[in-house]
Amino acid sequence: MPFAADIRHWPTAAALAAHLAQYDPAICAWVAGLTIHHTIIPTAAQWRGHATMEGLKTFYSDKGWDAGPHLFIAPDGIWQLTPMNLPGIHAGRCNAAHWGIEVCGNYNAAPWPQNLAELA
């Protein structure tokens, strides 16, 4: 099965909310919750927007996966990799009923920067 990527970008949480408001919530009836991780790599300093998203798409595809996490919260806004209406691959048992959200950076080593915390 081909990788189900649909790379999109919203600069703010409000912009993502406006986008999602256009859709009937029934298309995501399979969603029971969220699973939030941090990426470790790429870090916020390594983030390069669309180029990073293309690299992440290749990374997950090379693992043999047909999807990846749904959203990435990054220094320049919120990015979508896997369409929100489809299950993603991100956290084992949570894949079937949770959206996968990755926060860009290694937050075992430092707290979230304020700009990322505001997007989450």
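The values are calculated or read from the model by the stated rules, or taken from the named source; none is laboratory data. None of the values given here were measured: they were computed from a predicted structure. Heads up, the Cβs are rebuilt from the backbone with ideal geometry, glycines too, and the neighbour counts pull from every protein chain shown. In case anyone asks, the SASA skips ligands and DNA or RNA and just uses the protein heavy atoms, side chains included. Shrake-Rupley method; radii C 1.70, N 1.55, O 1.52, S 1.80 Å.
Based on the Cβ-Cβ distance of Ile27 and Gln114, what FRET efficiency does E = 1/(1 + (r/R0)^6) give at R0 = 41 Å, to the nearest 0.05?
Given R0 = 41 Å and the Cβ-Cβ separation, E is 0.80.
Which trypsin sites (Lys or Arg not before Pro) in region 52-110 sit in a loop by DSSP (not H, G, I, E or B) and have at most 11 other Cβ atoms within 10 Å of their own Cβ?
Lys63
Just going by the charge dipole of the chain, with Lys and Arg at +1 and Asp and Glu at -1 on Cβ, which of Leu20, Thr58, Ile73 is farthest out on the positive end?
Of Leu20, Thr58, Ile73, it is Thr58.
Give the relative contact order (percent, whole number) for the chain; include only Cα pairs under 8 Å separated by 6+ residues.
After rounding, I find 38 percent.
For the chain, give the percent of accessible area contributed by carbon and sulfur heavy atoms, probe 1.4 Å, rounded to a whole number. Numbers along the way, then the final one.
On the way: 3830 of 6440 Å².
Carbon-and-sulfur percentage of accessible area, whole number: 59.
With +1 on the Cβ of every Lys and Arg and -1 on the Cβ of every Asp and Glu, and nothing else charged, how large is the dipole of the chain about its Cα centre, in debye rounded to the nearest 20?
Details: 5 positive and 8 negative charges, 31 e Å.
Computed about the Cα centre, the dipole is about 140 debye.
Determine the percent antiparallel among the DSSP beta bridges restricted to region 32-118, to the nearest 5. The partial results should precede the final answer.
Values: 4 of 13 bridges.
Among the beta bridges of region 32-118, antiparallel pairing accounts for roughly 30 percent.
What number comes out for accessible area per residue over the chain if the probe is 1.4 Å? Units Å², please.
54 Å²
When 1/r is averaged over all different Cα pairs and the result inverted, which Kirkwood radius in Å belongs to the chain?
So the Kirkwood estimate lands at 14.5 Å.
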